[in-house]
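This report refers to the structure that appears directly beneath it.
The values are calculated or read from the model by the stated rules, or taken from the named source; none is laboratory data. Small disclaimer: the values here were computed from a predicted structure and weren't measured. Because the Cβ atoms are built from the backbone with ideal geometry, glycine has one as well, and the counts that use them run over all protein chains shown. Accessible surface is based on the protein model in full, side chains and every heavy atom, while ligands, DNA and RNA are left aside. Shrake-Rupley method; radii C 1.70, N 1.55, O 1.52, S 1.80 Å.
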Amino acid sequence: MINRCNCAEYIHSEDDLIRILDKGIVFFFIPHSLVQIHLSYPFYTHLKELLKRGFVEMNKFRTLAVTFKRKWIILTLIIVLAVGSILYGLANRYLIRHVEVVVSDEKSSAATTSESNTTATDTTVSDATVSDADASYDDWNYTSDDVQIKIDQVETGSGSDQITYYVADVVLSDSSSLSAAFADDSFGTNITEDTSDIAASKNAIFAINGDYYGFRDDGVIIRNGTVYRDNPVRDAMALFEDGTMKTYDETETSSSELLEEGVTNTLSFGPILIQDGEITGDFSSVQIDNNFGNRSIQDANPRTAIGMIEPNHYVFVVVDGRAEGYSRGMTLNELAQLMSDLGATEAYNLDGGGSSTMYFMGRVVNNPQGRNKERGVSDILYIKESD
């Protein structure tokens, strides 16, 4: 039986529902009125049980929903913290500058002061050096009493197999003309400047990029007679006061032994290309480090290498690459053979790829990255007039 009424009891909880059902009635809202339904006892009992179960299940669902929401918030926070920690770790390792030592260099400071008081370009700075040394030069050559530099651009092959590289034959009267410099005059990690900028700040006549020591935290790093890092792990190269160059295993020769022998600079990259006049062998499995983002170094790539023909007579090679139709780069085997053909009795591979840069008399000679765009590096080797 269904009757219309003008009043109703409202259900706010399970207890309210049971209390109303105990009266044997239930109310339904319909448009403009409330319908009161009288129930038979069996149906009432069954409906009561169903509704009680419904409330129980609803409470379970609410509990699960609250629990899920809390767990989701906690999981989200954990993910955000984990990702943030990873990103900070990567930035700290590869991007954030960490200065360990600031190198004092009176000559560099004097050059900086001189530049700040004039409007001279980098080339003008080099001109001052030339004037003091009574030297002559052009775009590819430099000659003074103490320094002779001759640079050749060489192209081999054609099409996709073309290689373009630059060879600098350097003869010095004094080994002090060959020196090393850090980016921003600071030793540490993730400190970089373009090769040309570091070279200009040193009044360099000629320069190449170094070993990019700042990308790693190991190796033996001695620069201008000072030990900055002593964590031997790989084959390296050393330059000495007597104008000689030696390739060696860092784990077998200590830095103290090198200092006793008169070492001026060490570079830690590799591999050794030529040792005691012989190409060192197969380079198919060479690995410099395991740092994130490294390319395989076995394939044809831009290259930088240094070799010694005899004491104080060096050959520097920079190979452009990754630019089809201009230069594909060189494999390590090709580079070793080239250094041998040039007469090197010792030769060593330095940091390559986008770092490979040759600088001479205020200009970049090669085509870095195939786009005439230098990549910042940690350090350089450079030639200057001797003191």
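Residue-by-condition table, conditions (1) open to solvent by 60 Å² or more (accessible area, probe 1.4 Å); (2) modelled with pLDDT under 95; (3) out of contact with any helix residue (DSSP H, G or I) (no Cβ under 6 Å at 6 or more places or on another chain):
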residue	(1), (2), (3)
Glu252	yes, no, yes
Val263	no, no, yes
Asp276	yes, no, yes
Gln287	yes, yes, yes
Asn290	yes, yes, yes
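Find all pairs meeting these conditions: Cβ atoms under 7 angstrom apart; at least six residues apart or on different chains; first residue within the stretch 319-332 and over 17 Å from Met358 (Cα atoms) and open to solvent by less than 10 Å² (accessible area, probe 1.4 Å); second residue part of a loop (DSSP other than H, G, I, E, B) and aromatic (Phe, Trp, Tyr). So the pair list comes out as Leu332/Phe283.
Taking the stretch 335-357 as the range and being open to solvent by 30 Å² or more (accessible area, probe 1.4 Å), in contact (Cβ under 8 Å) with a residue 60 or more places away in the chain and not in a loop (DSSP other than H, G, I, E, B) as the test, only Ser340 passes. For the structure I just gave you, tell me whether Gly325 is under 24 Å from Ser160 (Cβ atoms), within 20 Å of the chain's Cα centre (by Cα) and not in a strand (DSSP E or B). No, not satisfied. Filtering the stretch 312-347 to residues that are within 17 Å of Gly277 (Cβ to Cβ) and in contact with a helix residue (DSSP H, G or I) (Cβ under 8 Å, 6 or more places away or on another chain) leaves Val315, Ala347. Could you tell me whether the stretch 164-171 includes any residue that is buried (at least 17 other Cβ atoms within 10 Å of the Cβ), under 31 Å from the mean Cα position of the chain (by Cα), at pLDDT below 95 and not aliphatic (A, V, I, L, M)? No, the stretch 164-171 has no match at all.
Please work out which residue is modelled with the lowest pLDDT, limiting yourself to the stretch 292-322 and to residues that are among the basic types (Lys, Arg) and within 19 Å of Thr164 (Cα to Cα). Looking at residues that are among the basic types (Lys, Arg) and within 19 Å of Thr164 (Cα to Cα), I get Arg322. In the stretch 149-166, the count of residues that are touching a helix residue (DSSP H, G or I) at 6+ places or on another chain (Cβ under 6 Å), in a strand (DSSP E or B) and touching a residue at least 12 places away in the same chain (Cβ under 8 Å) is zero.
Restricting to the stretch 83-112, and then to whatever is open to solvent by less than 100 Å² (accessible area, probe 1.4 Å) and of a type in the set (Ser, Thr, Tyr), can you tell me which residue is modelled with the highest pLDDT? So, considering only residues that are open to solvent by less than 100 Å² (accessible area, probe 1.4 Å) and of a type in the set (Ser, Thr, Tyr), the one modelled with the highest pLDDT is Ser85. Determine whether the stretch 358-370 contains at least one residue that is under 18 Å from Val171 (Cα atoms) and either in a helix (DSSP H, G or I) or open to solvent by 30 Å² or more (accessible area, probe 1.4 Å) (or both). Within the stretch 358-370, not a single residue is under 18 Å from Val171 (Cα atoms) and either in a helix (DSSP H, G or I) or open to solvent by 30 Å² or more (accessible area, probe 1.4 Å) (or both). The set of residues in the stretch 202-227 that are in a strand (DSSP E or B) and open to solvent by less than 50 Å² (accessible area, probe 1.4 Å) comprises Phe206, Ala207, Ile208, Asn209, Gly219, Val220, Ile221, Ile222, Arg223. Exactly one residue out of Ser131, Ser175, Ser144 is out of contact with any helix residue (DSSP H, G or I) (no Cβ under 9 Å at 6 or more places or on another chain) and either at pLDDT 95 or above or surrounded by 20 or more Cβ atoms within 10 Å (Cβ to Cβ) (or both), and it is Ser175. In a helix (DSSP H, G or I) and either modelled with pLDDT of 60 or more or hydrophobic (A, V, I, L, M, F, W, C) (or both), is that true of Val80? Considered against the rule, which asks whether it is in a helix (DSSP H, G or I) and either modelled with pLDDT of 60 or more or hydrophobic (A, V, I, L, M, F, W, C) (or both), Val80 comes out as yes.
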